[in-house]
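A quick write-up on the structure given underneath.
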Amino acid sequence: MSEKELLANVAHELRTPLTRIGVALDLASEGDGEAARASLAEIAVDVNELEAIVDDILTAMRFEIAAGQAPTPSLPLHRAPTRAGEIATASASRFRDRHGQRALEVDIAADLPRIDVDPMLLRRVLDNLLENAHKYTPDPAAAIRLRTSQIGDLVRYEVADRGIGIAPDDLPRVFTAFFRGEKSRSRETGGVGLGLTLAKRIVEAHDGTIDVASEVGKGTTVAVMVPIVDEK
């Protein structure tokens, strides 16, 4: 993707929520209290979408994931020994604040060890995975699951949904920058196609792995594995 194409995509994705915010503000200005409250709720959703787009772009710039650029060999991390469960709890809380109507099943194993990570960046990975699960699960009654456990000397974070799934041909490309799969689905859900690319880069910078399993019409499960702190 060229720089011109990237800028065009970003401009398009920003224009959509900005247009909706403008319409909502017009409705709110008409003086109907109920309509104003509904408009404010819509504006909050669109502001969250804008924030996510800008965050992805800024993080991509930090990691030099840009058109035609090779990734930097060493990412700037602010590591700190962190309780693995705290990151999952923080991400779950943010998700519920944004999507209060969506059921989120959280299963965090007791007494999880510490992991040596940049807690803000690893939480961004979980934020992204939860947001994707929400976007690609059209049935509002279908719950999303966030599970955290220990497997040997690794901590496993798993986000699973019962959404539309990913086509087999698309699975090998989901971590490619700016790839968003089927075109109509991309238009409906927004974003610039950087979320999973960033997630993979962040996880690998922590000496971890990220894997996706999916079946069309049945849902997607993403598993992130990161090493625990060696306390010897």
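We did not get these values from a lab; they are worked out from the coordinates using the rules stated. These numbers come from a predicted model, not from an experiment. Reconstructed Cβ throughout: ideal geometry from the backbone, glycine too, with neighbour counts over all protein chains shown.
In table form, for the structure just shown:
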| quantity | calculated |
| --- | --- |
| Mean Cβ neighbour count within 10 Å, used as a protection proxy, ranking 79-87, 98-106, 124-132, 221-229 highest first | 124-132, 221-229, 79-87, 98-106 |
| Amide hydrogen neighbours beyond the local backbone of V117, cut-off 5 Å, H modeled | A80, T82 |
| A143/S29 FRET efficiency (R0 45 Å; Cβ-Cβ; nearest 0.05) | 0.75 |
| Net charge of Cβ neighbours under 11 Å - reference H99; Lys, Arg +1; Asp, Glu -1 | +3 |
| Three-way shape label, the stretch 103-164, alpha-carbon gyration tensor, a/c 1.5 | prolate |
